[in-house]
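So the structure is just underneath, and the comments pick up after that.
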Amino acid sequence: MALTGEDSQEYREQTVTNLENGAIDYILVVDIFNEGIDIPCINQVVMLRNTQSSIIFVQQLGRGLRKFHSKEYVTVIDFIGNYKNNYLIPIALFGDQSMNKDNYRRDVRQPFSLQGLTTINFEKIARDQIFKSISKAPYSSVKNLEEIFVSLKNRLGRIPYLYDFVINKSVEPLVFFENRAYFRSYADVINKFSDETERIVLSDVEKRYLEFVTFELAPGKRQQDLVLLELLVNNDGIISEQSWIDTLNSIGVSTDKEVLESVKRVLDLSFLKATERKRYGTVPLVQENEGKFYLNSDVMRSLSLNKNYAKLFNDIIAVGRSKQEIYPEVFTIGRKYTIRDVLKLLNFKSDEPIMTGYKIDRYSHSCPVFVTYKKNENINETIKYKDGFIDESTLGWESTVGRSLSSNDVRAITDSEASNLRLELYVKKDDNEGHEFYYLGRIHYVLGSAEEIVQEKTGKGLVHMLFDLDTPVEPSLYRYLTQE
């Protein structure tokens, strides 16, 4: 039987009854029953209409997800090509509205238990299709972001701020800033999706520093920066270093001297690239003088006089502080970091390009190693290194071309145990995952494993060696990274 919006309520109810008692096998619906209908016995959902709306897709799929005493599973048949929207499946099944791609990959790659005895376990073909769809997913499209913004606005009855998305378990706030061509701060989001009467006007200085804290601190991967800024905002722009240290100790966050010095370099802008300093200005956000920290006077004035700016500024701090559970340590195994994150958190003096996949830094006495497991077929053969896991605890790795056992960087790595050089491993499956790498922990050179080899297609020399991992790669992540 078919139902449309023109059918009466009585006719709809009778049709549902006919389905429930087995008098009919299917109800074909047009623009109704996406929501507000509960028929637990439904054991088959047939997609005959494409939709680009994540909300409608989840609602449609959800019609079959209610448990029922005679139903062991639900079958979904897609005739129209919604498989392109496979990235929405984790949202529908796990209820995670964050639009966080890494969360969804984690959900899909390992068996997941729902309430009761229900378990979801994707077969390899389905799992790989979903992974590909997640990588290409338009989570941060303007249309999708507007839908998310308006939805929460309607629920709250007011303009939502970034921290509202956190406490309402909605989208991951950073999704709004994945494409800086769209939005450089949340003021841009509000101005794009709200009425003219709700627009927020900021000065150039306010815009610059709001953009800085949005991109530098909102990810919350290091709490020390956020705590210092929070203390300054709450104490009229002045705080002693000892008060900062006491607060960090009270919440169980490291007060290591090198970490604190790194925080100072970030907040006084000296860590930034030259192009970034030009964008944000040469005046530090935070300055230190004789054991005290001072918040930029222009920012402090704006926080006092512009309530909208104060709301936006404090909103960013709240979002970053909320990440402490996700990033309890400076580096958390299994979490993802950009190269910039890594250089900052390893206490490099400045952000700098890494062209070889590793960087030996004498100042921080560390060497991050970055591995893209599945190389792009179109990249230059000279940088198509054959890095790969031997098992969950051992990595085979190749140096950059033109190196020998006597090269300075190779010797620094092979002598790392004696010199106490800190080697850290960061891996991503392929470039479709973007700029972030999974942190897999400390690694150690396997003594005697280094050997000079010749790259097969280029004839150029390099050095192959083995590393032991302090912490074995978690099984589901290992399979995800290594399987084709």
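Values quoted throughout were computed directly from the atomic coordinates according to the rules given, and no laboratory measurement underlies them. Only a predicted model underlies this, so the values are computations on that prediction, with no experimental measurement involved. Here Cβ is always computed from backbone atoms with ideal geometry, including for glycine, and neighbour counts include all displayed protein chains.
Students often forget the sequence filter, so: which aspartates and glutamates lie under 19 Å Cα-Cα from Lys457 once same-chain residues fewer than 8 apart are removed?
Partners within reach: Glu377, Glu381, Asp387, Glu398.
What is the dipole size for the chain, taken about its Cα centre, with +1 at each Lys and Arg Cβ and -1 at each Asp and Glu Cβ, in debye to the nearest 20?
For this selection, approximately 640 debye.
Could you tally the net charge around His464, taking each other residue with its Cβ under 11 Å from the Cβ of His464, Lys/Arg +1 and Asp/Glu -1?
Overall, the nearby charge balance is -2.
Figure the gain on full extension for Val205 and Asn235 (residue separation times 0.36 nm, minus the Cα-Cα span) and round it to one decimal in nm.
Stretched fully, the Val205-Asn235 segment lengthens by 8.7 nm.
Can you pull out the GluC sites (Glu not before Pro) in segment 239-297 whose DSSP state is coil and whose Cβ has at most 10 other Cβ atoms within 10 Å?
For GluC sites (Glu not before Pro) across segment 239-297 that sit outside H, G, I, E and B with at most 10 neighbouring Cβ atoms in 10 Å, the list reads Glu290.
Percent relative contact order of the chain, based on C-alpha pairs within less than 8 angstrom and at least six residues apart?
This gives 10 percent for the chain.
Using 1/(1 + (r/R0)^6) with R0 = 25 angstrom and r between the beta carbons of Thr332 and Asp128, what's the FRET efficiency to the nearest 0.05?
Using R0 = 25 Å, I get an efficiency of 0.40.
Work out the FRET efficiency for Thr197 and Val283 from their Cβ-Cβ distance, taking R0 = 30 Å, and round it to the nearest 0.05.
For R0 = 30 Å, the calculated efficiency reads 0.35.
Give the percent of DSSP beta bridges with both residues in the chain that are antiparallel, rounded to the nearest 5.
Given both bridge residues lie in the chain, the antiparallel proportion sits at roughly 70 percent.
Quote the FRET efficiency, to the nearest 0.05, computed for Lys273 versus Glu456 with a Förster distance R0 of 30 Å and r equal to the Cβ-Cβ distance.
Between Lys273 and Glu456 the formula returns 0.25.
Can you find, among Phe348, Ser366, Tyr445, the residue sitting farthest towards the positive end of the charge dipole of segment 336-482, where Lys and Arg contribute +1 and Asp and Glu -1 at Cβ?
The listed residue farthest towards the positive side: Phe348.
Give the relative contact order (percent, whole number) for segment 336-482; include only Cα pairs under 8 Å separated by 6+ residues.
Relative CO of segment 336-482 lands at 27 percent.
Put a dot 7 Å past each Cα toward the Cβ at Gln242 and Asn21; how far apart are the dots in nm?
Distance between label points: 8.2 nm.
Please compute the net charge surrounding Val142, taking Lys and Arg as +1 and Asp and Glu as -1 over other residues with Cβ under 12 Å from its Cβ.
-2
How charged is the neighbourhood of Ile326? Take every other residue with its Cβ under 10 Å from the Cβ of Ile326, and add Lys/Arg as +1 and Asp/Glu as -1.
+2
Which lysines have a Cα lying under 27 Å from the Cα of Lys349, excluding residues fewer than 8 positions away in the same chain?
Partners within reach: Lys207, Lys221, Lys257, Lys264, Lys273, Lys278, Lys292, Lys323, Lys336, Lys359, Lys428.
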